[in-house]
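The values are calculated or read from the model by the stated rules, or taken from the named source; none is laboratory data. Quantities reported herein were computed from a predicted structural model and do not represent experimental measurements. Neighbour counts are summed over all protein chains in view; Cβ atoms, including those assigned to glycine, are modelled from backbone coordinates with ideal geometry.
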Amino acid sequence: MAEIGFYHLTRTGADQALPQLLGRTLAAGQRALVLCGSPERLAALDTALWLCPNPDWLPHGTAESGHAELQPIWLAAADPDAAGAPNGARFLFLLDGAECARLDLYDRVFDLFDGADEAAVQAARRRWTTARAAGHALAYWQQTVRGWERRAQVAAVSAHAP
C-alpha cells in the first residue's frame, strides 16, 4: 500500500509548492512522476520547472523530450496505468485532480489540491475516502505561514484484516 499525503494549498499555488517538494524528493535520492490534469497544464509546468529559482535545478522530461529512463522527474498528463512510471519513479505527484488507477505501484503519493477551489476540496475529500477504503496510509497536510503542518493521519489497513 502507498503512503498518500493530501497537500491542501492555502497560501500558494501548486507551481510554487511543487518545486520544493520535488527538490526534497531528489535530495532523498528518489525519482518522481508528476501527473497533470491536462496537456496544457503539463506544458506550463514544464516551463515553470525550468525557470524555477529555488531549487535552481529540477531536471525533468516529458514524452515530447523523450528518454524517460534518464529523467529523475517525469511529467505526464495521462495515467500510466499498470505500466507504472516510465522513469521508474516510486514517488507520484497528482495535480489538478489527476488520478492514478494503480497507487499501489508507488511508495509515496502527493495529492496537491487548491484550497481556494471548493470543487477541488470536495474532489480531494472523495479521493481521501476512496484511498482509505483501499487501505492506504493517509496524511493530511495543510499549508500554513510556517510551512506544511500535518493535521491528520490514518494508518494503513490490511485488505486481509478480519
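Exactly one of these conditions fails for Asp114: (1) acidic (Asp, Glu); (2) modelled with pLDDT of 95 or more; (3) farther than 21 Å from Leu22 by Cβ. Give me its number.
(3)
For segment 37-44, indicate whether the set of residues that are touching a residue at least 60 places away in the same chain (Cβ under 8 Å), among the small types (Gly, Ala, Ser) and under 22 Å from Phe6 (Cβ atoms) is non-empty.
yes
Out of Ala156, Ala89, which single residue is assigned to a loop (DSSP other than H, G, I, E, B), over 20 Å from Ala32 (Cα atoms), in contact with a strand residue (DSSP E or B) (Cβ under 6 Å, 6 or more places away or on another chain) and in contact (Cβ under 8 Å) with a residue 12 or more places away in the chain?
After applying the criteria, what remains is Ala156.
Go through the residues of segment 2-13 one by one and say whether even a single one is more than 16 Å from Tyr106 (Cβ to Cβ), part of a helix (DSSP H, G or I) and modelled with pLDDT under 95.
For segment 2-13, residues more than 16 Å from Tyr106 (Cβ to Cβ), part of a helix (DSSP H, G or I) and modelled with pLDDT under 95: absent.
Across segment 43-78, what is the total count of residues that are of a type outside the set (A, V, I, L, M, F, W, C), assigned to a strand (DSSP E or B) and either touching a helix residue (DSSP H, G or I) at 6+ places or on another chain (Cβ under 6 Å) or farther than 21 Å from Leu94 by Cβ (or both)?
The total comes to 1.
Tally time: how many residues in segment 96-135 are under 24 Å from Ala85 (Cβ atoms), assigned to a loop (DSSP other than H, G, I, E, B) and more than 15 Å from the chain's Cα centre (by Cα)?
2
Among (1) surrounded by fewer than 15 Cβ atoms within 10 Å (Cβ to Cβ); (2) over 24 Å from Ala134 (Cα atoms), where does Gln71 come up short?
Failed condition: (1).
For segment 133-148, give me each residue that is charged (D, E, K, R) and touching a residue at least 24 places away in the same chain (Cβ under 8 Å).
none
Can you name the number of the only condition in (1) free of Cβ contacts under 8 Å to residues at least 24 places away in the same chain; (2) within 16 Å of the chain's Cα centre (by Cα) that Ala83 fails?
Here Ala83 clears every test but (2).
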